[in-house]
1. Would you check which residues across the stretch 95-105 are in contact with a Ser or Thr (Cβ under 9 Å, 6 or more places away or on another chain) and either surrounded by fewer than 13 Cβ atoms within 10 Å (Cβ to Cβ) or assigned to a helix (DSSP H, G or I) (or both) and list them?
2. Do the conditions hold for Arg44, that is, is it more than 30 Å from Ser14 (Cβ to Cβ), part of a helix (DSSP H, G or I) and in contact (Cβ under 8 Å) with a residue 12 or more places away in the chain?
3. Please determine, by comparing only the residues of the stretch 37-48 that are of a type outside the set (D, E, K, R) and closer than 17 Å to Lys23 by Cβ, which one is surrounded by the fewest Cβ atoms within 10 Å (Cβ to Cβ).
4. What number of residues within the stretch 62-78 satisfy the criterion of being farther than 16 Å from Pro104 by Cβ and of a type outside the set (Asp, Glu)?
5. Among Ala57, Ala31, which is surrounded by fewer than 12 Cβ atoms within 10 Å (Cβ to Cβ) and not basic (Lys, Arg)?
6. Residue check, Leu13 against (1) outside any loop (DSSP other than H, G, I, E, B); (2) touching a helix residue (DSSP H, G or I) at 6+ places or on another chain (Cβ under 9 Å), all met but one. Which one?
7. Out of the stretch 85-143, which residues are in contact with a helix residue (DSSP H, G or I) (Cβ under 9 Å, 6 or more places away or on another chain), of a type in the set (Val, Ile, Thr) and at pLDDT 70 or above?
Amino acid sequence: MSITTQVSKPKQLSQRKQTALLKYIALGKPANKWLQKHGVCNQRLYDTLQHDTAFRASYARAREQQASAMIDDTISIVDNVDEDPASRRIRANARQWAASKIDPARWGERMTIESDIKVSLIDHLMDIVNVTPAPEQLEEMED
């Protein structure tokens, strides 16, 4: 008696579900909420992302739109004077933080790197060509 193992193809989201999910995400809503509502496990989304390059590109664009929608939502939250100020701040900060993680190039904190290191170009050129200058040339370079 032989035992055979059958390898099945990963189950992916249907085209209709892909489109619906992308629209939902682009509105600024979380993917896991849509997946739960429609009875789809996270693994099915991951399998689709792994095997469908067109969907992967569309998903990336939807996530960028999601981050923009979250930032737009923060303005509405902050402008709502009927809500408690502490609650508004927490909700707005949470959306800003999430947007910075989803699309850091656009919404992340800017980093600036400064340096005051002085480098002698002559020293580096000499290292590159592996030439040791004559003592009189060194005196001229120091002037």
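The values are calculated or read from the model by the stated rules, or taken from the named source; none is laboratory data. Please read these numbers as outputs of a predicted model, since none were measured by experiment. A quick note on method: Cβ atoms are made from the backbone with ideal geometry, for glycine too, and the neighbour counts reach across all protein chains shown.
1. Arg95, Gln96, Ala99
2. no
3. Among those that are of a type outside the set (D, E, K, R) and closer than 17 Å to Lys23 by Cβ, it is His38.
4. The number of residues fulfilling the criteria is 7.
5. Answer to the selection: Ala57.
6. (1)
7. Ile102
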